[in-house]
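Below: one structure, written as structure tokens.
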Amino acid sequence: MLRLENINKTFNAGTVDECRLFEDFNLNISKGEFVSVIGSNGSGKTTMLNMVCGSLAPDSGKIYFADKDITKLSEYKRSKYMGRVFQEPKIGTCPNLSIIENMSLADNKNKYFGLRAGVNKKRVDYYRSLVEECGLGLENRMNVPVGSLSGGQRQALALVIANMTDIDFLVLDEHTAALDPKSSEMVMHLTDKFIKKNNITTLMVTHNLRFAVEYGTRLIMMHEGKCIVDIKDDEKKKCSVDELLKKFNEISIETGN
């Protein structure tokens with residue numbers, strides 16, 4: 001499904017702050033996998049995610065999606081088959097528009113708008129059925145501005161919006177990090193529900209070790225631009241938060257932190 005081959009990325013090249021983060025980095029994600037990526041700050045998690053989405057280009061190497069070279073493909077073109085939910089709930093939705101207007105915009109993704117009504121009234125019941133799955137009562141607040149919703153509600157809506165069109169790949173960019181514990185649990189439960197329902201290949205970057213252990217089919221730990229842990233299936237099921245914390249502590253001692 002997704003392949004990163006011999007990826008190289010250096011920041012601030014030629015300066016005293018030069019940092020070579022990725023050197024011949026390789027990663028292969030198979031169709032249907034739900035991959036959780038963890039690692040300390042500066043390990044390369046977000047940089048890798050941004051290169052996958054197209055918001056950052058590698059210095060060299062290739063990125064393939066469904067065997068198609070997308071290395072030079074723009075971010076907006078990749079969005080035709082990739083959905084992304086950001087850490088900040090405000091990014092994934094338009095605050096001044098209502099829930100129904102936000103969903104209508106998403107529903108028209110990759111389509112020609114033209115001079116017609118922004119909301120197709122024939123689709124309203126469909127939109128309501130989608131948000132009803134969240135169990136937050138949003139189906140009764142369809143005309144409420146999204147900016148008036150809580151962070152958890154907005155992130156739940158962002159998840160619905162990201163899955164409205166026929167995407168093949170979902171990217172979750174620490175999408176529970178800005179939420180309170182209760183909202184984080186709710187959004188993560190919804191995330192797992194949507195992924196299993198749509199059987200969508202997913203890449204999730206998270207700092208929550210418990211979520212990384214409990215959810216998904218594969219777990220990767222990154223450090224200094226390398227995958228130092230890569231486990232899946234039965235091996236992942238046996239993994240514990242304590243084991244991951246032990247690995248983090250070993251890294252901290254090695255790097256003098």
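Values for this structure:
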quantity: Residues within region 48-74 that are part of a helix (DSSP H, G or I) and either of a type in the set (Asp, Glu) or in contact (Cβ under 8 Å) with a residue 40 or more places away in the chain (or both), tallied; calculated: 5
quantity: Inter-residue pairs, beta-carbon under 6 Å, first closer than 11 Å to residue 127 by Cβ and in region 89-105, second at pLDDT below 90 and among the small types (Gly, Ala, Ser), 6+ apart; calculated: 104/118
quantity: Failed criterion for residue 20 (all others in (1) crowded, with 17+ Cβ neighbours inside 10 Å; (2) part of a strand (DSSP E or B); (3) at pLDDT below 95; (4) not hydroxyl-bearing (Ser, Thr, Tyr) hold); calculated: (1)
quantity: Whichever residue in region 23-44 is part of a loop (DSSP other than H, G, I, E, B) and charged (D, E, K, R) and, among such residues, is most open to solvent (accessible area, probe 1.4 Å); calculated: 31
quantity: Residue satisfying condition, being of a type in the set (D, E, K, R) and at pLDDT below 90, within set 173, 166, 125; calculated: 166
quantity: Matching residues in region 223-244 - criterion: being open to solvent by 20 Å² or more (accessible area, probe 1.4 Å) and either at positive phi or part of a helix (DSSP H, G or I) (or both); calculated: 224, 233, 234, 235, 237, 241, 242, 243
quantity: In region 195-210, the residues that are surrounded by fewer than 20 Cβ atoms within 10 Å (Cβ to Cβ) and in a helix (DSSP H, G or I); calculated: 196, 197, 198, 210
quantity: Matching entry among 220, 161 (being of a type in the set (A, V, I, L, M, F, W, C), outside any loop (DSSP other than H, G, I, E, B) and open to solvent by 20 Å² or more (accessible area, probe 1.4 Å)); calculated: 161
quantity: Of all residues making up region 75-88, the number that are open to solvent by 70 Å² or more (accessible area, probe 1.4 Å) and either part of a helix (DSSP H, G or I) or more than 30 Å from residue 157 (Cα to Cα) (or both); calculated: 3
quantity: Residue in region 174-193 that is nearest to residue 215 (Cα to Cα), counting only those that are buried (at least 21 other Cβ atoms within 10 Å of the Cβ) and in contact with a Leu (Cβ under 9 Å, 6 or more places away or on another chain); calculated: 191
quantity: Selection status of residue 9, assigned to a strand (DSSP E or B) and touching a helix residue (DSSP H, G or I) at 6+ places or on another chain (Cβ under 7 Å); calculated: yes
quantity: First in region 180-199 and within 18 Å of residue 161 (Cβ to Cβ), second anywhere and charged (D, E, K, R) and open to solvent by 80 Å² or more (accessible area, probe 1.4 Å), Cβ under 9 Å, 6 or more apart; calculated: 188/214; 192/214
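The values are calculated or read from the model by the stated rules, or taken from the named source; none is laboratory data. Note that the coordinates shown come from a computational prediction; the quantities given were computed from them, not determined experimentally. Counting neighbours? That spans all protein chains shown, and the Cβs are built from the backbone with ideal geometry, glycine included. With ligands, DNA and RNA removed, areas are computed over all heavy atoms of the protein, side chains included. Shrake-Rupley method; radii C 1.70, N 1.55, O 1.52, S 1.80 Å.
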